[in-house]
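These notes concern the structure reproduced below.
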2 protein chains.
Amino acid sequence: MSRDIRVSIIEDDETIRQGYAFLIGEADGYEVVSHYSTYDDAARKITGDKPDVILLDIEMPGTNGIEAIPKLKKLLPQCFILILTVYESEKQIFNALENGASGYLTKNTPPSRIIESIKEVKEGGGPMSINIAKLVIKSFQKNQESPLSKRETQILELIRDGKNRSQIARELFIDLETVRSHVKNIYLKLDVNSRADAIKTAKENKLI
Amino acid sequence: MSRDIRVSIIEDDETIRQGYAFLIGEADGYEVVSHYSTYDDAARKITGDKPDVILLDIEMPGTNGIEAIPKLKKLLPQCFILILTVYESEKQIFNALENGASGYLTKNTPPSRIIESIKEVKEGGGPMSINIAKLVIKSFQKNQESPLSKRETQILELIRDGKNRSQIARELFIDLETVRSHVKNIYLKLDVNSRADAIKTAKENKLI
DNA sequence: TACTAATCACCCTTATGGGGTGATTTTTTT
DNA sequence: AAAAAAATCACCCCATAAGGGTGATTAGTA
C-alpha cells in the first residue's frame, strides 16, 4: 500500500484549523505535515513540507486565498489545492477554479466527505459539494427562451469569437449583406449598437 | 412527508432500461412512471406521465439524447434531466449541460449513487460523477505557463469581449497606442495577425 | 392569412484594425 | 546593482470593417 497523503492546511481561524488538523491527522492514510494561519506565513516554508494536497481557506488576512492559489501552484506545481470556504459566491468559485484549484467545498461539508475529497483530489478527481456543482452546471446553461433566432445566436457566437463580417459570411456560406442584416436584427433585439455591447448583453442573459 | 419522486427513463437498451426501472421502482420514495426506448417514442406520451426527473441516455437511435434535451425541456419545463451515459466526452458533457441537463452521471455509477442523484437533482443540486466534475473543473482552468504577460492576457480578454481599442484604453486608463502595442505583442507571441485568430489560439491553449 | 426567419442589395461615413519602427519608464528577477 | 521583462507612449501608413438607413424576396409556421 502507498504512503500517507501529505496534507497542509492554510486557514486563519485557529479553532477551525486545529479542528481540521486533528480530524485529518486521525484519519487512516492521511498525514498533516503543516498548518499555517495565512498564505504569507506559509509562503516561506511550505515548499519544504512537500504536501500532496493543500486545504485552503479563501477569507484570510493578507494575501487572500484566491490570489494565493497561483502562487502556491508556482511553488508546488505537483500539489493539488482544495478550497474550503463558507461562501458560495459564483464569481469566487470560478475564480478559484480558473486559478488552479482542484476542488471546492463549503465548510458545512461533513468531515467524512472532506477526508474523502482529499483522496479524490489526490487521485485526479474534482470534488465539489452539491451546491457548487449546481452553480457550475448553471453557469453552463443557456437561456431557453432566447429572443434571438438560431441563426442570430450562431452569428453572435462567431462575433464573440472575434470573427469579422466577411469571415462569418464565408463560414456560414451566406452573403456579407445577409450577415449585416442579421447583426442589425441582433442589435435591435438586444437594444445595443456595437459588438461589445451585444456580447455583454448576450452573456448577461446567457444567450450565448 | 412528500409524495414519491416521479421518474421517467429514456434508454434504448432493453436490459439496462428494465434494470434501472426495477432498481428505482424498488427504492423508497421513487416511482417509475414510464420508460421509453427512444426520444421519438417518448415525445408523444411523456407529457402525460408528468415526471419530476427524466433519466436520459445519450446514445440512442433517432433523435439522440443531446438533441432531445431542449425538446424535453420545452415539453416539460419543470422537469429535471439527468444524463446517464457510458462516454465521458468533454464536448458531449458540455453540450448536454448547455442544453439544459441538470446532472451528468456515467453508467458505472453505483445504483445507490444514481438513486441519490435523482433526489439531489430534484432538490436543486447538480450531481455529477467524480470524473465529470474533474473534466468540468479542468475546463475552467487556465494554462499556468502562459506566454502572455498579465496585461496582455487582460487585454486579450477584453478583445474576446468584443471591445475595440479605444474602449480597452478607456477601461484600463492607458493610451490607445499602448493598447496597440500590447496587441501587437500578443500577435507576435501567439503567431497570429488578427483578433479572431488570437482568440482562437488563446482559447485552444486555455490562455483566456 | 399574417408573422417570423433567413436571405440579399445598395446608399452613406467614420473610425478601426493591422503593419512598421522605435523609445521611455517601471517592475521583476537574477 | 545589473540585466531582463513588462508596460507605457508616439507617429508613419492604408485598406476595410463597422454601423446606420431603407427595402425586398422567399420559405416556413402559427
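Would you confirm, using the coordinates I've provided, whether B:LYS138 is basic (Lys, Arg), surrounded by fewer than 17 Cβ atoms within 10 Å (Cβ to Cβ), more than 19 Å from A:ASN164 (Cα to Cα) and under 32 Å from the mean Cα position of the chain (by Cα)? Can you show your working first?
Details: basic (Lys, Arg): yes; surrounded by fewer than 17 Cβ atoms within 10 Å (Cβ to Cβ): yes; more than 19 Å from A:ASN164 (Cα to Cα): yes; under 32 Å from the mean Cα position of the chain (by Cα): yes.
Yes: the conditions hold for B:LYS138.
Has region A:105-118 got any residue that is surrounded by fewer than 19 Cβ atoms within 10 Å (Cβ to Cβ) and within 11 Å of chain B (Cβ to nearest Cβ)? Within region A:105-118, one or more residues are surrounded by fewer than 19 Cβ atoms within 10 Å (Cβ to Cβ) and within 11 Å of chain B (Cβ to nearest Cβ).
For region A:180-191, give me each residue that is hydrophobic (A, V, I, L, M, F, W, C) and near DNA strand D (Cβ under 8 Å from one of its atoms).
Just the residues of region A:180-191 that are hydrophobic (A, V, I, L, M, F, W, C), to begin with: A:183, A:186, A:188, A:190.
Within region A:180-191, just A:VAL183 meets the criteria.
From the list B:ARG165, B:ARG151, exactly one residue is more than 9 Å from chain A (Cβ to nearest Cβ) and either near DNA strand C (Cβ under 8 Å from one of its atoms) or in contact with a strand residue (DSSP E or B) (Cβ under 9 Å, 6 or more places away or on another chain) (or both). Which is it?
Details: B:ARG151 fails: either near DNA strand C (Cβ under 8 Å from one of its atoms) or in contact with a strand residue (DSSP E or B) (Cβ under 9 Å, 6 or more places away or on another chain) (or both).
Going through B:ARG165, B:ARG151 in turn, just one is more than 9 Å from chain A (Cβ to nearest Cβ) and either near DNA strand C (Cβ under 8 Å from one of its atoms) or in contact with a strand residue (DSSP E or B) (Cβ under 9 Å, 6 or more places away or on another chain) (or both): B:ARG165.
At pLDDT 95 or above, surrounded by 15 or more Cβ atoms within 10 Å (Cβ to Cβ) and either in contact with a Phe, Trp or Tyr (Cβ under 7 Å, 6 or more places away or on another chain) or not acidic (Asp, Glu) (or both): does that describe B:VAL179?
Values: at pLDDT 95 or above: yes; surrounded by 15 or more Cβ atoms within 10 Å (Cβ to Cβ): yes; either in contact with a Phe, Trp or Tyr (Cβ under 7 Å, 6 or more places away or on another chain) or not acidic (Asp, Glu) (or both): yes.
The answer is yes for B:VAL179.
For region A:161-168, the condition of being closer than 23 Å to B:ILE93 by Cα and either in contact with a helix residue (DSSP H, G or I) (Cβ under 8 Å, 6 or more places away or on another chain) or not β-branched (Val, Ile, Thr) (or both) holds for at least one residue. Set side by side, the residues A:ASN99, A:ASN143 differ, and just one is more than 16 Å from DNA strand D (Cβ to nearest atom) and either at pLDDT 95 or above or within 30 Å of A:ARG17 (Cβ to Cβ) (or both), which is A:ASN99.
It is to be established whether one or more residues within region B:80-89 are within 14 Å of chain A (Cβ to nearest Cβ) and surrounded by fewer than 18 Cβ atoms within 10 Å (Cβ to Cβ).
Initial filter on region B:80-89 (within 14 Å of chain A (Cβ to nearest Cβ)): B:80-83, B:88.
After this cut, where a residue has to be surrounded by fewer than 18 Cβ atoms within 10 Å (Cβ to Cβ) as well, the list is B:88.
The answer is yes; a qualifying residue exists.
The values are calculated or read from the model by the stated rules, or taken from the named source; none is laboratory data. Please read all numbers here as calculations on a predicted model, not as lab measurements. With ideal geometry, Cβ positions are generated from the backbone for all residues, glycine too; neighbour counts draw on all protein chains shown.
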